[in-house]
Structure formats: structure tokens, C-alpha cells
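Written below as C-alpha cells is the structure these notes are about.
The values are calculated or read from the model by the stated rules, or taken from the named source; none is laboratory data. Everything quoted here is computed from the prediction, not taken from an experiment. Neighbour counts are summed over all protein chains in view; Cβ atoms, including those assigned to glycine, are modelled from backbone coordinates with ideal geometry. All accessible areas refer to the heavy atoms of the entire protein, side chains included, with ligands and DNA or RNA removed. Shrake-Rupley method; radii C 1.70, N 1.55, O 1.52, S 1.80 Å.
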Amino acid sequence: MKKRYLISPGPTPVPEDVLLEMAKPMIHHRTTQFSAIFKECAEGLKNLFKTKNTVMMLASSGTGAMDASVSNIFTKGDTALVINGGKFGERWEKICRAYGLNVEVVNVEWGEAVDVDIIRKKLAANPSIAGVFTQGSETSTTAAHPIKEIAALTKDTDTLLIVDGITAVGVYDLPMDNWGIDVLLTGSQKALMLPPGLAFIALSDKAWEKSENCNLPHFYIDLNKEREAISKDTSAFTPAVSLIVGLRKVLQMLENEGYENVYKRHDALARAARAGAEALGLRLLAPNSPSNAATGLFVPSGVDGGKVVKELRENYGVTFAGGQDQLKGKIVRIAHLGYFDSFDIIIAISALEMAFSNHGADINYGAGVAAAQAILNERY
Ligand SMILES: Cc1ncc(COP(=O)(O)O)c(C=O)c1O
């Protein structure tokens, strides 16, 4: 027997109460019973996104909502300013190019946050930029971008701000209406503590207006159709019924905890993970603007990160994420978003101490755990 722990930044662990909800017998989606659940979710999502506008629930992974935020809003030839600080910034660039937008890229060193001054200058030089595309949290580098500051630049202009909040919504407070975020989207398998398969997206009034001139091809994800359907407590196509049943439970859990406490929990777990890594002498991947969703750390020199991650999964039963592209084999990412609590961090740090030591690193057993404990105990 091996007990398994999922410490990855998506999919994340699903709470037992949510699993039980989703295990109940299937119900039909065109019924008053399901409509009541759908309606409750639609209202709950507005509280999470802090918006008066509709938050749509799509049967797709998060990328479906990224795709829709281009294909349903923009016009061929529009200029997109893409913040590319990692794998998911790169994805914005690919999606915008696939739909024939002119793409200007702000390349950000992996592990760093975008410099807001660069965006300010780009927007001043070209006020016809139709949209700024960014991540709230760039999961591949575990860096967070300064969304509030970026939103302040686009708020009273014709430029839209599109935020991939796939590992930011539910981790950080992102009050969409108040800050002036025009498109905010996320996925189910991250801070929303559900299996993969649902994406969520909301548009500001400014983005809805812009969408009226959209001439890009789209069919399956048609945000107008979804908005129209949701106003009747239903979805355009067959919804992911079980996931939505689970979502209702998740939203209840988050509201019971209180969103302020949810964000404080994420902040404490992230600080503990960083302190644990640093106490072991490990260098953080994103020391200047670390995300509260996951902590990337460089493995000790001489250690093959890919091998350690594999061994941790197969022999220790603990699943972490490693690095992608130029970070392959060099980093490990400790997740702390969604259904994570203090002792998940202790497990993560303790497992890393053991595995790194096993791979020849000079590890002072317990040093990382002790540093994390000191921070985590402030919570009780
Ligand atoms: C920031 C970010 N954007 C986009 C994605 C892609 O989401 P999905 O795999 O659900 O399509 C991910 C997935 O990890 C992510 O973390």
C-alpha cells in the first residue's frame, strides 16, 4: 500500500465532500432540479469574480476560455499586446496568432513579473492596442503579475485587459469590476478544487461591447449563446453536470470559509513553502514576485530534477510538478492552491528533504520543515 499525495498545481486534490456530491446519481440537465443548481453556481461565481456580469461555465479545460476570449471578442487585424513570461504567456501568443491578430510581445524573463512601465510605454506608443493579454499567475514559472497595476493602465481606455486567472482566481482577490479587468477566466482543476473539465469566464461591459464587432470564427464556445442560456438557468449545450454539482459544493465551502480567509490561507501556505525551501538553501525560481499558487525552487546542484520528481511520485507517493522547456530537470514546483492546508506543506517540504538527500544533496533534515512550521503555526 502506498498513500498518495497530489502536490501539483493542477489537477489539485478534490475535497471528500465534493467527491461525494459528484458521486450521486446522474440528473438530467433540462430539469428544474438542475436549473436550481446551475443558478446557485452562477450567483456564487459572481461573488468569486466580484462582478455584476454573467460568469459563464464552459465544458472545456481552461484553454477553451482562453480561446474564447480571443475568438468571441476581437476582430481580425486587431493588435494584441501579449505578456509572455512563461508557457502560458506563450499560449496567449499562439492563440492570438491563430486567429489572425497582430501580436506585440512583451517578453518577461522566466521567474519575473512584467514591468508595468513597459506596458505603460507600449500603450502610450500605440493607443490602438485592442487588448493586453496576461496571466494573473504564470504557473510554469510560479511568478505573479501585478494585475491591479496593469488594470489601472487600461481601465479608462478602449484597450481591454484579458487575464488568464487559471491559477489566480481563488488564490488572490481579483475584484474584476472594481479594478477594471475586462475578461477574467479560470479552470476547475486549480483553486476551485474540482476535477478538470470546466472553464469559467466573465466579460466586462466594455468587452461585451467590443464583442459586437467580432468577426472571428467560433461555434462551440459562443459566449453570447451561453450568456443568453444562463439567463434562463441553463447552458447552450449539455453542461458538465457532475462537475457543476461539485461546483455548488465548492462554492459553498469557499463562502463558508470566507474569501478573505481563503486568500489569507493561500498567502500563509505560500510563505511557508518559500521559507521551507530557503531554509534548505534552495534558490527560489520567482523570488521577486512569487505566486501564492505554487512555489518553484531550483533543485540542489548535481541533482537531476526530472529524476527526483519521478522518484518522489513512484517511490514516495508524492506527486510534484517539475519544470518545462528550459527549466526541465532544474526545478520542482510545490503547489499550494485549492484544497491545501498547513500539513500539505509539511508533507511537501519533508518529502523534498528526503528525496534530495537521497540524491546526494547536503540536506539538514528538518530544517525546511521547521521553517515552514514557524510560519504555519501563526495560523492557530
Ligand atoms: C496559468 C495557466 N494558464 C492556462 C493553463 C491551461 O489550462 P488547461 O490545461 O486547463 O487548458 C494552465 C494550466 O496549468 C495554467 O496554469
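Summary table below
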read-out	value
Answer from LEU160, LEU174, LEU216, LEU198 - the residue that is in contact with a Ser or Thr (Cβ under 8 Å, 6 or more places away or on another chain) and closer than 24 Å to GLN252 by Cβ	LEU198
Single condition TRP208 does not satisfy, out of (1) of a type in the set (Phe, Trp, Tyr); (2) open to solvent by 10 Å² or more (accessible area, probe 1.4 Å); (3) more than 18 Å from LYS50 (Cβ to Cβ)	(3)
Leading residue by the ranking (surrounded by the fewest Cβ atoms within 10 Å (Cβ to Cβ)) among those in region 230-250 that are over 30 Å from GLY77 (Cα atoms) and of a type in the set (A, V, I, L, M)	VAL241
Residue list for region 206-243, restricted to those being basic (Lys, Arg) and under 24 Å from the mean Cα position of the chain (by Cα)	LYS206, ARG227
Subset of region 52-76 [away from the ligand (no atom under 15 Å from the Cβ) and within 18 Å of SER188 (Cβ to Cβ)]	THR54, VAL55, MET56
Residue ID - farthest from HIS218 (Cα to Cα), chosen from residues in region 108-127 that are within 16 Å of the ligand (Cβ to nearest atom) and crowded, with 21+ Cβ neighbours inside 10 Å	GLY111
Filtered residue count, region 58-77, keeping only those that are crowded, with 24+ Cβ neighbours inside 10 Å and either among the charged types (D, E, K, R) or under 15 Å from LEU243 (Cβ atoms) (or both)	3
Odd one out for ASP267 among (1) surrounded by 24 or more Cβ atoms within 10 Å (Cβ to Cβ); (2) of a type outside the set (Val, Ile, Thr); (3) part of a helix (DSSP H, G or I)	(1)
Residues satisfying the stated conditions in region 88-107, i.e. within 16 Å of the ligand (Cβ to nearest atom) and closer than 18 Å to ILE119 by Cβ	PHE88, GLY89, GLU90, TRP92, GLU93, CYS96
Hits in region 274-294 - residues which are assigned to a helix (DSSP H, G or I) and touching a residue at least 40 places away in the same chain (Cβ under 8 Å)	ALA275, GLY276, ALA277, GLU278, ALA279
Residues being open to solvent by 10 Å² or more (accessible area, probe 1.4 Å) and in contact with a Ser or Thr (Cβ under 6 Å, 6 or more places away or on another chain) - total across region 186-195	1
Region 272-294 - residue that is away from the ligand (no atom under 16 Å from the Cβ) and under 19 Å from GLU138 (Cβ atoms) and, of those, surrounded by the most Cβ atoms within 10 Å (Cβ to Cβ)	ALA273
Test: residue in region 157-170 that is open to solvent by 50 Å² or more (accessible area, probe 1.4 Å), touching a helix residue (DSSP H, G or I) at 6+ places or on another chain (Cβ under 6 Å), in contact (Cβ under 8 Å) with a residue 12 or more places away in the chain and assigned by TED's automatic domain parsing to the domain that holds LYS50	no
